[in-house]
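The values are calculated or read from the model by the stated rules, or taken from the named source; none is laboratory data. On a predicted model such as this, the values are computed, not experimentally measured, just so you know. Every residue, glycine among them, receives a Cβ derived from its backbone with ideal geometry; neighbour counts consider all protein chains shown. Ligands, DNA and RNA are stripped out before the accessible areas are found, and what is left, the full protein with its side chains, is counted by its heavy atoms. Shrake-Rupley method; radii C 1.70, N 1.55, O 1.52, S 1.80 Å.
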Amino acid sequence: MAIGLLAFESHQGLWNSGYYSQLFGIGGVLITLTILMLSTGYFGGIGAPFAPYFWPYLGQVPKKRERKRPVRVYMDGCFDLMHYGHANALRQAKLLGDQLVVGVVSDEEIVANKGPPVLSMEERLTLVSGLKWVDEVVPNAPYEITEEFMNTLFNKYSIDYIIHGDDPCLLPDGTDAYALAKKVGRYKQIKRTEGVSSTDIVGRILLTFRQKDADTDLSVVVAEKSGEKSNDEVKSQLSHFLPTSRRIMQFSNGQAPSPGARVVYVDGTFDLFHAGHVEFLRSARQLGDFLLVGIYDDESIRDRRGCRPIMHLHERTLGVLACRYVDEVIIGAPWEVSKDMITTFNISLVVHGTVAEGNSAGEIDPYAVPKSMGIFQTIRSPKSITTLSVATRIVDNHEAYKKRNLKKKASEDRYYTQKKFVSGD
């Protein structure tokens, strides 16, 4: 009887078509149900030839969908000094498939093609793995998509398409690093994110510091009136990023905590978003159901530490939002955690790490309120890396990075000179 009811429900069009309006009563119902069963093959598959009137309706019967293999796309990069431009590239790449596999170029390949990397392979892997759009990571990938590596991608990793931005990626001999992928028709292009690059960030750092004492804070800035630097150099320190609400929405999860969720709150500068930030946020997220991150504004940082951050507020916001462990951010969070703020966001726990930027000695304790409420916890920072330690690496080897920047800047200048509008987001 259950089978009959299913057949009845899947052929409602027959009842409304007028073919059998003359059938009344229990006998008519039974006859019609019998015809329906014959037409759909419930009696051994012999029904269809005896019910020609129902052939046009067989297309209405839902067919079982075949499960298709997910489309896997591959994108590689050095991902040195990870920034929101890298994150946005990978976000766009993920939209071109179902699963995103990311290759992280080896240290040796970076040295041979671009110059010395700032971050180690381990740090770069942590940053890439921490992005919300990344499904799988391939360490020590080659800079060039050779035929051998391309076959490895297709056969071992089941890659369907290789992705890169609209900016050219040239080998030392001037040839296209993705020429083979384009030749076999397995290449797709995304739009480069404007306003930032690793080269640009290295330039900002080199212009920001004139000494490399690790015991000092980010305190020596180019904002001094110095005749040694040209207007072009000072101008290059400024960010060219044009923030939009749409970009923030693309990076945001767009979800509020569920009723009864344990909301964990952390705050900080998050300048030059690095592996230490990723590991700390991962540890904090494990303490609750929803991780809310407060990001200090540029003026608050300048007032307390003597200089502005290297990355401005909106750049730092996107860097934090891209992290898979972050659920929501407060853009321009207050320095002190107040009772009103705790109530507004229903915060269950306020967390701080053991590694922090700057010296807050003599200041009012920004966590006095959550401590008095018994909802404050200090957790051990998984890594000792800081923004200052990353910047110091560049300052310590400033000659090598100046040379690297000059080489990259020439390539970027050519890109911007010949740039045309590319659709995408």
- prompt: Within segment 64-84, is even one residue out of contact with any Gly (no Cβ under 9 Å at 6 or more places or on another chain), of a type in the set (D, E, K, R) and open to solvent by less than 10 Å² (accessible area, probe 1.4 Å)?
  reply: yes
query: Within the set of pairs 6 or more residues apart or between chains, which connect a residue that is within 15 Å of Ala89 (Cα to Cα) inside segment 153-169 to a residue that is open to solvent by less than 30 Å² (accessible area, probe 1.4 Å) and in a loop (DSSP other than H, G, I, E, B) with Cβ atoms less than 6 Å apart?
result: His164/Tyr178; Cys169/Ala177
task: Could you tell me which numbered condition Glu357 fails, if it satisfies all but one of (1) open to solvent by 50 Å² or more (accessible area, probe 1.4 Å); (2) at pLDDT below 85?
output: (1)
- prompt: How many residues does segment 253-279 contain that are within 23 Å of Ser198 (Cα to Cα) and touching a residue at least 60 places away in the same chain (Cβ under 8 Å)?
  reply: 10
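Considering only residues of segment 287-325 that are touching a residue at least 60 places away in the same chain (Cβ under 8 Å) and among the hydrophobic types (A, V, I, L, M, F, W, C), which is nearest to Glu336 (Cα to Cα)? First the steps, then the outcome.
In the first step, residues of segment 287-325 are kept if they are touching a residue at least 60 places away in the same chain (Cβ under 8 Å); the result is 287-288, 305-312, 314-315, 317-319, 321-325.
Of the ones still in play, those that are also among the hydrophobic types (A, V, I, L, M, F, W, C) are 287, 307, 310-311, 318, 321-323.
On the way: Leu287: 21, Cys307: 19, Ile310: 22, Met311: 22, Leu318: 22, Leu321: 22, Ala322: 25, Cys323: 24 Å.
Step by step, filter segment 287-325, then rank; the result is Cys307.
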message: Could you tell me how many of the residues in segment 228-286 are in a helix (DSSP H, G or I), open to solvent by less than 80 Å² (accessible area, probe 1.4 Å), charged (D, E, K, R) and at pLDDT 95 or above?
response: 2
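Let's see how each residue does on (1) of a type in the set (A, V, I, L, M); (2) under 25 Å from Ile205 (Cα atoms):
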{"position": "Asp98", "(1), (2)": "no, no"}
{"position": "Gly115", "(1), (2)": "no, yes"}
{"position": "Ser158", "(1), (2)": "no, no"}
{"position": "Leu170", "(1), (2)": "yes, no"}
field: Complete set of residues in segment 122-166 that are buried (at least 16 other Cβ atoms within 10 Å of the Cβ) and part of a strand (DSSP E or B)
entry: Leu131, Val137, Val138, Ala141, Tyr161, Ile162, Ile163, His164, Gly165
